[in-house]
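The values are calculated or read from the model by the stated rules, or taken from the named source; none is laboratory data. Keep in mind the model is a prediction, meaning the values are calculated, not measured. With ideal geometry, Cβ positions are generated from the backbone for all residues, glycine too; neighbour counts draw on all protein chains shown. Accessible surface areas use protein heavy atoms only, side chains included; no ligands, DNA or RNA. Shrake-Rupley method; radii C 1.70, N 1.55, O 1.52, S 1.80 Å.
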Amino acid sequence: MDLTGTLSLILLLPLIAAGLIWMFARRKGVVAMTLSVGAAAIVCGLSLWLLLVAWNGEPWLATLEWLRFGEFSVEMGFWLNKLSALMLFVVAVVGFLIHVFSIGYMDDDGARGRFFGGLSIFMFSMLGIVLAENLFMLFIFWELVGFSSYMLIGHYLHTDEASAAAKKAFIVNRVGDFGYLLGILLTYWTFGTVSLPELQATVAGDPGKAGTLIGLLLFCGVLGKSAQMPLHVWLPDAMAGPTPVSALIHAATMVAAGVYFLGRTVFLYTETALQVILWVGVITALCSALWAFAQRDIKKVLAYSTLSQLGYMVAGFGLGTLYGMHQGDGHGAALMYGVWVAMFHLTTHAFFKALLFLGSGSVIHACHHEQDIFRMGGLYKRMPWTTATFAAGVIAIAGVPYIAAGFFSKDLILYVAKSGSAPAFWILSATALLTALYMGRLFFIAFLGEARSPAAEKAHESGPAMVAPLVLLAVYAIGGGYAVLYPEVLRAPLNDGVPHPHGADHTMLIIISAIASIGGLLAARFFYGAGAEKDRLERIAPPLYALSRSRFYFDEVYNAYVRRVQDRVADIIAFLDTLLISGLLVRGSAGLAGLLGVASRRMHTGSVAAYVWWFFAGLVLFGAYAGGFLDNLMP
């Protein structure tokens, strides 16, 4: 079956919609919305069909030469297999639901034509990453996603906060992408190709060719896109953008692109590189969970939650891949175990975190853009659908055993951690407990108790366009763990070589999951109460609260570096540019030409006598030269 036409249509439809919007419908919100949502709906339907085709068929590969420079050529192409089909499903389905939600959320925004055009550009860019056949093509769409993110985060042009957040996201990602680009160049230098299928075949034949430096440089791109420490600082600030943007880009798709990229290039990572990846993920998961406790903004809590869950995915990839290496022969099917561990959590997280972000958007919209959870309260009376679906999201991310999708995917990461690294297992278990605590804090303060502001008192349930996506996402947040036939789909790559997680050896994990999830939620209810007016942690333990609020001073350190180092280096370069380039070379050459012009003008006096003297002087010099007199004067 030739899938090239279908894949081309999936990729190009959002681009066509974006082009039509930018040319004809930037000021026509309804037309722009129809084009963007319509394209997303068609992409969603085709992606669901392709998921069935790819899951039951052979991988599909198609390439076309794009540029050629001598012997070097750059190709564009598609590589569809189970991994890319699953990611395509996540991007398309979640993206479509967020498009539908945006119909209601952006109904009073005067620039919604520009907003929907930006969403379509983002969908085009993200779909390009998913389907890319080689690293060069992937890098092009990787950068387009960064541009799309910059444009959508800064959608509210009238606020300095949104503008600063957009620039911060763009610049921080460029830092990671510089290392990523070096990794691509080193890959081409080492293997002579950047085609992912060719690289996979080459490494399978000679696993020793995969170098640690290549893996770590490629991982730099993941540090930026998936907001891993120390390049995590842009994600919380990105909440300045519209809430549907936060749901689509900063919860479900763009930030997950780094995890997907790890799976796409799993064969290029050595054990040393995987150890680094593992511990970056573990540290990010723990620290981000700690930072969430001092946040009052409902979206900021979810932002740090996203950071923490991304750390879980990255750690799961490292743990699972190392586990597969030790169980198998170091490559092939066994190597894919870590990929499916990470992708399972990526899939469930995409749905329940999109649900939580859209739920927060419903709350913000109903409360007239109030985002402080301590100025909400009593929302369960006024917004029953939003409250129920948000509760489903909280249960999912807390990982309540056998009830929510988050339990199954998180539990599998804990399982491979228990088998491979005891320190990582206990840190990730502690992170699971912290997750239930801060998410319980958010829910009990914002939704229970009594209204604590005029905005909360006037809140009302959102319209059908906003509620319907919440309900659909809530269904998956609860049942998604069973929808992917856990754990059979994850055992398949090892051909049943992994012990069944529901055996007797798994009992301790169930107990730990129950304590972390149910115990954490109950502890949050007991400690924070229902509809609290003030943060009890700040009142009882100010040092702990201050430490959480400090976020370990990453932003302060970066700001100090920019002011004291980068700005001064920039001043020195600017001075040298002014002195040497603009002054000596540009103005200096212009000045010299001007001086020669002045001297030349002085020689043209208009006096015939002066011209005669100059004529005879030239004649004498020419005669001396022709007679060899000047040569005799030379040493």
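Apply the Karplus curve 6.51 cos²θ - 1.76 cosθ + 1.60, θ = phi - 60°, to the phi angles in segment 168-180 and return the couplings in whole Hz, x for Gly and Pro.
5, 4, 5, 5, 4, 5, 5, 4, x, 5, 5, x, 4
If Lys and Arg each add +1 and Asp and Glu each add -1, what is the summed charge of the other residues whose beta carbon sits under 14 Å from the beta carbon of Val259? Numbers along the way, then the final one.
On the way: positive: Lys225, Arg264, Lys353; negative: none.
Taking every other residue near Val259 into account, the sum is +3.
I'd like the distance separating the alpha-carbon centroids of segment 45-68 and segment 531-593, in whole Å.
Between the Cα centre of segment 45-68 and that of segment 531-593, the gap is 45 Å.
Do you know the relative contact order of the chain, to the nearest whole percent, from alpha carbon pairs under 8 angstrom that are 6+ apart? Write down the numbers at each step before the final one.
On the way: 1023 pairs, mean separation 71.9, N = 635.
11 percent.
Please list, in chain and number order, the residues 5+ apart from Met376 or on another chain whose amide H is under 5 Å from its amide H, with Hs placed from the backbone.
Arg452
When the accessible area of segment 70-126 is computed with all protein chains present and a 1.4 Å probe, what percentage of it is carbon and sulfur?
On the way: 780 of 1420 Å².
That fraction is 55 percent.
Any of Lys225/Lys300; Lys167/Lys353; Lys82/Lys410; Lys167/Lys300; Lys82/Lys225; Lys82/Lys299 with alpha carbons more than 28 Å apart? Name them for me.
Numbers: Lys225/Lys300 18 Å; Lys167/Lys353 24 Å; Lys82/Lys410 21 Å; Lys167/Lys300 18 Å; Lys82/Lys225 23 Å; Lys82/Lys299 33 Å.
Correct reply: Lys82/Lys299.
Net charge around Ser84, counting only other residues with Cβ within less than 15 Å of its Cβ (Lys, Arg = +1; Asp, Glu = -1)? Don't jump to the answer; show the numbers that get you there.
On the way: positive: Lys82, Arg264; negative: Glu58, Glu133.
The answer is 0.
Tabulate in residue order the Karplus-calculated ³J(HN,Hα) for segment 43-48, using 6.51 cos²θ - 1.76 cosθ + 1.60 with θ = phi - 60°, rounded to whole Hz; enter x for Gly and Pro.
The phi angles translate into 4, 4, x, 5, 5, 4 Hz.
If you roll a 1.4 Å probe over segment 208-357 with all protein chains in place, what percent of the accessible area is carbon or sulfur? Walk me through the intermediate numbers first.
Numbers: 1570 of 2430 Å².
Solvent-exposed carbon and sulfur of segment 208-357 make up 65 percent of the total.
Please compute the net charge surrounding Thr431, taking Lys and Arg as +1 and Asp and Glu as -1 over other residues with Cβ under 15 Å from its Cβ. Don't skip to the end; give the middle numbers.
Values: positive: Lys410, Lys418; negative: Asp411.
Around Thr431, the charge tally is +1.
Asn134's amide H: which non-local residues (gap 5+, or another chain) put their own amide H closer than 5 Å, with H modeled 1.01 Å from N in plane and none for Pro or chain starts?
Placed amide hydrogens put Gly77, Leu196 under 5 Å from Asn134.
Would you please classify the overall shape of segment 398-441 from the alpha carbon gyration tensor, given that a ≥ b ≥ c denote the square roots of the eigenvalues, rounded means a/c under 1.5, and beyond that prolate means a/b larger than b/c while oblate covers the rest? Intermediate results must be reported in sequence, preceding the final value.
Details: a/c = 3.86, a/b = 1.38, b/c = 2.80.
Oblate, since a/c reaches 1.5 and b/c is not below a/b.
Scan around Met229 for amide H atoms under 5 Å from its own, H built in the peptide plane at 1.01 Å from N, and keep only partners 5 or more places away or cross-chain.
Thr284
Report, in deg cm²/dmol and to the nearest 500, the calculated mean residue ellipticity at 222 nm for the chain, where each DSSP H run with n ≥ 4 adds -39500 (n - 2.57) and the sum is divided by the residue count. Walk me through the intermediate numbers first.
Details: 30 runs with 447 residues, N = 635.
It lands at -23000 deg cm²/dmol.
Semi-axes of the chain's equivalent ellipsoid from the Cα gyration tensor, sqrt of 5 times each eigenvalue, largest first, rounded to whole Å?
On the way: eigenvalues 581, 202, 132 Å².
In descending order the semi-axes read 54, 32, 26 Å.
Can you give me the C-alpha center-to-center distance between segment 441-480 and segment 334-389, rounded to a whole angstrom?
9 Å
When only the heavy atoms of the protein chains count and the probe is 1.4 Å, how do His326, His99, His365 rank by accessible area, highest first? Let's see the in-between values first.
Details: His326 125, His99 0, His365 50 Å².
Final ranking, largest accessible area leading: His326, His365, His99.
Leaving out ligands, DNA and RNA, and with a 1.4 Å probe, what % of the accessible surface on segment 1-54 is carbon or sulfur? Don't jump to the answer; show the numbers that get you there.
On the way: 2050 of 2750 Å².
Answer for segment 1-54 is 75 percent, counting heavy atoms of protein chains only.
With a 1.4 Å probe and all protein chains in place, put Asp567, Asp2 in order of accessible area, largest first.
Details: Asp567 65, Asp2 110 Å².
From most exposed to least exposed: Asp2, Asp567.
Accessible area per residue, 1.4 Å probe, Å², for the chain: what's the number? Display every interim value, and only then the final one.
On the way: 26180 Å² over 635 residues.
On a per-residue basis, the chain sits at 41 Å².
For segment 146-221, what class follows from the C-alpha gyration tensor (a ≥ b ≥ c being the square roots of its eigenvalues): rounded when a/c is under 1.5, otherwise prolate if a/b is larger than b/c, else oblate? Don't skip to the answer; put the middle values down first.
On the way: a/c = 4.61, a/b = 3.22, b/c = 1.43.
The shape class here is prolate.
Could you calculate, for segment 302-410, the ratio of the Cα radius of gyration to the Kirkwood radius, expressed as Rg to Rh?
Numbers: Rg = 17.6 Å, Rh = 15.5 Å.
In segment 302-410, Rg relative to Rh is 1.14.
Report ³J(HN,Hα) in whole Hz for each residue of segment 563-569, in order, from the Karplus equation J = 6.51 cos²θ - 1.76 cosθ + 1.60 where θ = phi - 60°; Gly and Pro get x.
5, 8, 10, 5, 5, 5, 4
Can you pull the accessible area of Ser548 for me, 1.4 Å probe, Å² to the nearest 10?
Spelled out: Ser548, probe radius 1.4 Å, area about 10 Å².
Between segment 106-127 and segment 171-244, what is the separation of their alpha carbon centroids in Å?
If we compute the Cα centre of each part, the gap is 27 Å.
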